[in-house]
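The values are calculated or read from the model by the stated rules, or taken from the named source; none is laboratory data. Only a predicted model underlies this, so the values are computations on that prediction, with no experimental measurement involved. With ideal geometry, Cβ positions are generated from the backbone for all residues, glycine too; neighbour counts draw on all protein chains shown.
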Amino acid sequence: MMTPDAYIPQLYGRSKGHALRSNHQRLMAGLLPRVAMPDPEKGPVDLDALFPGTEKFALEVGFGGGEHLAWQAARNPKTGYIGAEPFLNGVAKLLQLIEKEGLSNVRVRHGDARPLTEALPSARFSRIFVLHPDPWPKKRHYKRRMISPWFFSQAARLLTPGGALRVASDIPDYVRWTLMHAQQAPQFDWTAERAADWRVRPDDWPQTRYEAKAMKEGRPPAYLEFRRQ
Ligand SMILES: C[S@@+](CC[C@H](N)C(=O)[O-])C[C@H]1O[C@@H](n2cnc3c(N)ncnc32)[C@H](O)[C@@H]1O
């Protein structure tokens, strides 16, 4: 059984897809160095240096193509958004959105979110998003799932009191898994009071391509929100 202070440093799926188009190559070479998070292995992250004058922060773990992150960042320009994603093509897509929408409040980690999470300061984040985390469907791989005792303890450390952890999944077993771990995390309350609270996507939560595909294939997601006490 995994302890709250550990994670298995293994990624699910691909970290590279098709070769990058020339525009994406340009963004990876030119824009990424300007918006990249510092290497978390080099020490604690200084949020105030990265986002001067910013008081609110949010983190997205595994942003995929970045649609949700860019949507949130565009509507909350005074919040500093940090996104982590190991999939190269996803990072390039987010960079394209950052450029197109002129977002100055986004910083990007191209890589595993977990060492970054450990390097972030405590009690500064108002929201953490983990939307459709990779399923790791085999029982012997459950301990590699992002949602874990380790993750809940990190989320409890990072969030401000009243802050929210949002998790979505279209896989019933992963939804049960998340609720089970949430129940074992005494710092969090599940905010749902009726079925519609987790069955209907809130207005401030845009649909991603991944979610649209899941819906089309008959897998409606659960939208879970846990409040930090
Ligand atoms: C099923 S996709 C969902 C993408 C996106 N959140 C969405 O809803 O459209 C899961 C994403 O998590 C990313 N991921 C997997 N392990 C990760 C890790 N350790 N840190 C950050 N992202 C991770 C994958 O590369 C992938 O893009």
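Looking across region 107-136, the residues that are under 27 Å from Ala222 (Cβ atoms) and not in a loop (DSSP other than H, G, I, E, B) come down to Arg109, Ala113, Arg114, Leu116, Thr117, Phe125, Ser126, Arg127, Ile128, Phe129, Val130, Leu131. Considering only residues in region 93-113 that are in contact with a Pro (Cβ under 7 Å, 6 or more places away or on another chain) and within 9 Å of the ligand (Cβ to nearest atom), the one that is nearest to Gln25 (Cα to Cα) turns out to be Gly111.
Listed conditions (1) under 22 Å from Trp150 (Cα atoms); (2) aliphatic (A, V, I, L, M); (3) surrounded by fewer than 21 Cβ atoms within 10 Å (Cβ to Cβ) are all met by Val35, apart from (1).
Of all the criteria given as (1) free of Cβ contacts under 8 Å to residues at least 24 places away in the same chain; (2) among the hydrophobic types (A, V, I, L, M, F, W, C); (3) touching an Asp or Glu at 6+ places or on another chain (Cβ under 8 Å), the one not satisfied by Val91 is (1). So for region 51-63 (the condition being surrounded by fewer than 18 Cβ atoms within 10 Å (Cβ to Cβ), at negative phi, part of a loop (DSSP other than H, G, I, E, B) and not acidic (Asp, Glu)), does at least one residue qualify? Looking for residues that are surrounded by fewer than 18 Cβ atoms within 10 Å (Cβ to Cβ), at negative phi, part of a loop (DSSP other than H, G, I, E, B) and not acidic (Asp, Glu), one finds at least one in region 51-63, hence yes. The residues listed here are Gly83, Gly90; of these, the one that is modelled with pLDDT of 95 or more, within 16 Å of the ligand (Cβ to nearest atom) and not in a strand (DSSP E or B) is Gly90.
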